[in-house]
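The values are calculated or read from the model by the stated rules, or taken from the named source; none is laboratory data. Predicted, not measured: the structure shown is a model, and the values here were computed from it. All Cβ positions, even for glycine, are placed from backbone atoms using ideal geometry, and neighbour counts span all protein chains on display. Quick note on the areas: whole protein, heavy atoms, side chains included, nothing else; ligands and nucleic acids left out. Shrake-Rupley method; radii C 1.70, N 1.55, O 1.52, S 1.80 Å.
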Amino acid sequence: MKYCFVRSFRCTWVNRPPDAAVRTYSSCSSRKLERSDGMDESDELRVIKMNNQNGHHGWPDKVGIIDIEIYFPSYYVDQEELEVHDDVSKGKYTIGLGQSKMGFCSDREDINSLCLTVVEQLIRKRGLSFNQIGRLEVGTETIIDKSKSVKTVLMELFKESGNHDVEGVDSTNACYGGTAALFNSVAWVESSAWDGRYALVVAGDIAVYAEGNARPTGGAGAIAMLIGPNAPIVLERGLRSTYMEHVYDFYKPNLMSEYPIVDGKLSVQSYAKALDKCYDGFCKKAEKLYKTNGKKCFTLKDLDAMLFHTPYCKLVQKSLGRLSFNDFLRSSDLELEEEYKGLEMFRKLKLEDTYFNKEVEKAFVDHSKAMFEKKTKPSLLIAKEVGNMYTPSLYACLVSFIASQKIEDLPGIRVGMFSYGSGLAATLFSLHFSEDISKGSSLRTLHLSLQNIKLRLASRSKISPKTFTNILKLRDSTHHQAPYTPIGKIEDLFPNTWYLEQVDGKHRRTYLQMKETPCIQRNGCITKMSMNCESPKIAEGFCKVSATPICLSESIQPV
């Protein structure tokens, strides 16, 4: 072990999370150092032990997700009503796709505004300073500028804190970008480059399609994840399997349109193939690392939950069935007799010959039904209500799963995570939950913070299919238009939502933020500009009020 002397201080923040890393700063000359919350504190000489690894940090322990926040738009369209509007058979969207509602954005929201909203929500919820963030990476496929990243727009939130030392930019590959950002951020914390601060992973997208069969598989939303050591949800080291291939299953060559080109059949085949390959590699690594408790094969039984990237919910149930089929093909003769009785006829089939085999699909969806109900279905709450968010999709499933479980069922569980992005890039990895659910523990705090998800979903506004269609037409006709002033209703947005005010003639975007204030009457509230604010949606004691303007060329004034 090496020893070195540094001038240092220990930061103590109001509402400081118990799992936050202690930050140590070096100083060559000054007697005082500026704290991240703007206060001063005397430094002191301390002896810091460092190991020999890179002559720098020790390897941080239990690196993973410390906290997570989600944002979805306030508008949704009912899928049953959309079936009628589209003149399709009853149940095509609700049963065939497994969807009940679909979230969408008016022209008042874009990828920048979604990410601004979710980042500020997480920072405020956690009681953090923007100085505590040392890396910020965004995963998205919603491109509104071929050069300027979404991350650089988010840096406006950091301006008042004076923190411009923030690594990371955007990661893009269809729905896989959020996972790439997560892996990069975890690697940063585990590397010699880590300076003791948190990493922030943001995944956001607006998924819209041209009129036709794919349109009901849209959605929108954003996720923010706080990454650091001593996390309640840890990414397991060495237990990850990736598969990548060159495929044109889904792509967006027309930068003047939000709509993708989709080869539906090839997309389903590519998803299944990537799932097979990733699961095979994951099982082999798990068997090598953990010896599977003396068993020959790692199977779905060794996972307490299995979550998937979710283009639509029905595909997820079929995908769990496919993993069950994988286990079946890898099983011993004894296991075949005990666990797969009646399925012997499929024993000699090859995975690559069964992508569209309906008999195999039905047989193993039925066989894995009980497992699906326990290990996967709880993760589909948001996906069923909001739709496909693209990059946040898998992590919205994680939010849903945590929110749907009793806290007593979470300690020590292992959760499989399958991430897929067309083109294609896919990874299957695993998360391990903390054993500690004591009062004030990180896991209990995280679980509690997500218990309002159903309330938030219920507080959205239902929009008719006709209006939904008109809004998408407006978005399509004004996409990349400059100058442009949006016409969507600001009053329909959730409190604290960022939104697009205008695009100037040089395509520079200006954003505003909805504010909130405590309601003092049951049917009204005092606002900044009016004494008679009608608030049809009052949630948690707050009501919507007028916006405070903020331009990307000016300093942001936090609400």
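Data for the structure
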quantity: Failed criterion for Asn357 (all others in (1) farther than 20 Å from Ser404 by Cα; (2) of a type outside the set (Val, Ile, Thr); (3) without any contact (Cβ under 8 Å) to a residue 60 or more places away in the chain; (4) in contact with a helix residue (DSSP H, G or I) (Cβ under 8 Å, 6 or more places away or on another chain) hold); calculated: (4)
quantity: Subset of region 199-244 [among the aromatic types (Phe, Trp, Tyr) and either open to solvent by less than 10 Å² (accessible area, probe 1.4 Å) or not in a strand (DSSP E or B) (or both)]; calculated: Tyr209
quantity: Residue match in region 456-472 (condition: under 27 Å from Glu141 (Cα atoms), within 17 Å of the chain's Cα centre (by Cα) and not basic (Lys, Arg)); calculated: yes
quantity: Region 451-468, residues that are in a helix (DSSP H, G or I) and small (Gly, Ala, Ser); calculated: Ala458
quantity: Candidate set from region 502-533 (those that are open to solvent by 80 Å² or more (accessible area, probe 1.4 Å) and modelled with pLDDT of 95 or more); member that is nearest to Cys115 (Cα to Cα); calculated: Arg508
quantity: Count - residues of region 307-326 that are under 17 Å from the mean Cα position of the chain (by Cα), open to solvent by 10 Å² or more (accessible area, probe 1.4 Å) and closer than 14 Å to Ser270 by Cα; calculated: 1
quantity: Qualifying position, being surrounded by 13 or more Cβ atoms within 10 Å (Cβ to Cβ), out of contact with any His (no Cβ under 9 Å at 6 or more places or on another chain) and more than 30 Å from Leu398 (Cα to Cα), among Leu431, Leu474; calculated: Leu474
quantity: Subset of region 61-77 that is under 22 Å from Leu114 (Cα atoms) and charged (D, E, K, R) - its residue that is surrounded by the most Cβ atoms within 10 Å (Cβ to Cβ); calculated: Asp67
quantity: Among the residues listed as Leu116, Leu128, Leu154, Leu97, the single one being aliphatic (A, V, I, L, M), farther than 30 Å from Ser241 by Cβ, open to solvent by 10 Å² or more (accessible area, probe 1.4 Å) and touching a residue at least 40 places away in the same chain (Cβ under 8 Å); calculated: Leu128
quantity: Residue within region 278-295 that is assigned to a helix (DSSP H, G or I), modelled with pLDDT of 95 or more, open to solvent by less than 10 Å² (accessible area, probe 1.4 Å) and aliphatic (A, V, I, L, M) present; calculated: no
quantity: Residue, most open to solvent (accessible area, probe 1.4 Å), within region 162-177, restricted to residues that are more than 19 Å from the chain's Cα centre (by Cα) and of a type in the set (D, E, K, R); calculated: Asp165
quantity: Test for Lys454: is it out of contact with any strand residue (DSSP E or B) (no Cβ under 7 Å at 6 or more places or on another chain), surrounded by fewer than 17 Cβ atoms within 10 Å (Cβ to Cβ) and in contact (Cβ under 8 Å) with a residue 60 or more places away in the chain; calculated: yes
quantity: Residue list for region 82-94, restricted to those being within 28 Å of the chain's Cα centre (by Cα) and either among the polar types (S, T, N, Q) or open to solvent by 30 Å² or more (accessible area, probe 1.4 Å) (or both); calculated: Lys92, Thr94
quantity: For Tyr499: the one exception among (1) touching a helix residue (DSSP H, G or I) at 6+ places or on another chain (Cβ under 8 Å); (2) at pLDDT 50 or above; (3) open to solvent by 80 Å² or more (accessible area, probe 1.4 Å); calculated: (3)
quantity: Options Ala193, Ala180; residue that is part of a helix (DSSP H, G or I), within 22 Å of Gly228 (Cα to Cα) and open to solvent by 10 Å² or more (accessible area, probe 1.4 Å); calculated: Ala180
